[in-house]
Amino acid sequence: MTTSDVTALDDPVGSSLRGPHAHLGRRLGRAASYVPGVATFSAVPADAEAADWADLAQLLGGGQFADLFSCTATPPDDWEPVFVLEGRQLIRPADSSVEQVAAVGEAEVVELGAADVPEMLDLVTRAEPGPFWPRTHELGTYLGIRDGGRLVAMAGERLRPPGWTEISAVCTAPEARGRGHARRLVGSLADRITSRGERPFLHVAEGNSGALALYERLGFESRKQVTFRGFRTP
């Protein structure tokens, strides 16, 4: 893996919107954002100037939420801070693999689509994995597990910097936890991503020790610490 390949992960939102997710975004100058309903992530260059912030504000509109994800640029003073969250970016080494074998009687992993969105949104409400909107599933493949016909776990693909795919929305309903659903879903997605010649990566809140331990068991390694930040435009 070359250094230039890895640096796409330093600006995962911007790299995605300039590449595989260009059709799901909108741009003005050097500012970019996903379209409403897909994601609230926005991006400006690390060396953003006043004109870039003005373009992003015009792109989003006044008083709108701008999730800058892990962007290190600092917006002008009249941008209202909404949240700050410390996290970590993890990558799966190119030579890493984890055998995924379902036990006898385990529920089948199924692919989810537009018809499943109401169930996906209901699960997100119950499991609280992070931001997920009615069109978020358009970012990539989403997999789920059902119990008695009800969706109880899911995970999917989110950001797509060239050569990489982020695994996100990993969640399990409270009543179905402890059964290995997240392990199976993350492993299945990682194997799919690897099979098409890309590498999986993901982000986790620094305080989420359970998720961090799971990802490390699945072969992911910490690449760097990141700070997630959200603001409201003037």
Of the residues A66, A73, A155, which is within 30 Å of R30 (Cα to Cα) and either part of a strand (DSSP E or B) or under 14 Å from the mean Cα position of the chain (by Cα) (or both)? A66
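Yes or no, residue by residue, for (1) small (G, A, S); (2) modelled with pLDDT of 95 or more; (3) in contact with a helix residue (DSSP H, G or I) (Cβ under 7 Å, 6 or more places away or on another chain):
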site: D11; (1), (2), (3): no, yes, no
site: G37; (1), (2), (3): yes, yes, no
site: A51; (1), (2), (3): yes, yes, no
site: L68; (1), (2), (3): no, yes, no
site: P75; (1), (2), (3): no, yes, yes
site: E86; (1), (2), (3): no, yes, no
site: Q89; (1), (2), (3): no, yes, yes
site: D95; (1), (2), (3): no, no, no
How about the stretch 178-216: which of its residues are within 16 Å of the chain's Cα centre (by Cα) and not in a helix (DSSP H, G or I)? E198, R199, P200, F201, L202, H203, V204, A205, E206, N208
Meets criteria (touching a Lys or Arg at 6+ places or on another chain (Cβ under 9 Å), under 25 Å from D5 (Cα atoms), at pLDDT below 95 and open to solvent by less than 30 Å² (accessible area, probe 1.4 Å)) for G187: no
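Looking at T141, T227, T136 in this structure, which one is at pLDDT 95 or above, buried (at least 20 other Cβ atoms within 10 Å of the Cβ) and of a type in the set (S, T, N, Q)?
Working: T141 fails: buried (at least 20 other Cβ atoms within 10 Å of the Cβ); T227 fails: buried (at least 20 other Cβ atoms within 10 Å of the Cβ).
T136 is the lone residue from the list that is at pLDDT 95 or above, buried (at least 20 other Cβ atoms within 10 Å of the Cβ) and of a type in the set (S, T, N, Q).
Here's the yes/no breakdown for (1) in contact with a His (Cβ under 8 Å, 6 or more places away or on another chain); (2) open to solvent by less than 60 Å² (accessible area, probe 1.4 Å); (3) part of a strand (DSSP E or B):
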site	(1), (2), (3)
R27	no, no, yes
S33	no, yes, yes
V38	no, yes, no
A48	no, yes, no
L59	no, yes, no
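Please state which one of E111, E106 is surrounded by fewer than 19 Cβ atoms within 10 Å (Cβ to Cβ) and in a strand (DSSP E or B). Even if it seems obvious, please write down each step before you answer.
Details: E106 fails: in a strand (DSSP E or B).
Unique residue meeting the criteria: E111.
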Within the stretch 7-31, work out how many residues are without any contact (Cβ under 8 Å) to a residue 24 or more places away in the chain and either of a type in the set (V, I, T) or touching a Gly at 6+ places or on another chain (Cβ under 6 Å) (or both). 1
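The values are calculated or read from the model by the stated rules, or taken from the named source; none is laboratory data. What you are looking at is a predicted structure, and each value in this text was computed from that prediction instead of being measured. Backbone-built Cβ (ideal geometry, glycine too); neighbour counts: all protein chains shown. For accessibility, only protein heavy atoms count, side chains too; no ligands or nucleic acids. Shrake-Rupley method; radii C 1.70, N 1.55, O 1.52, S 1.80 Å.
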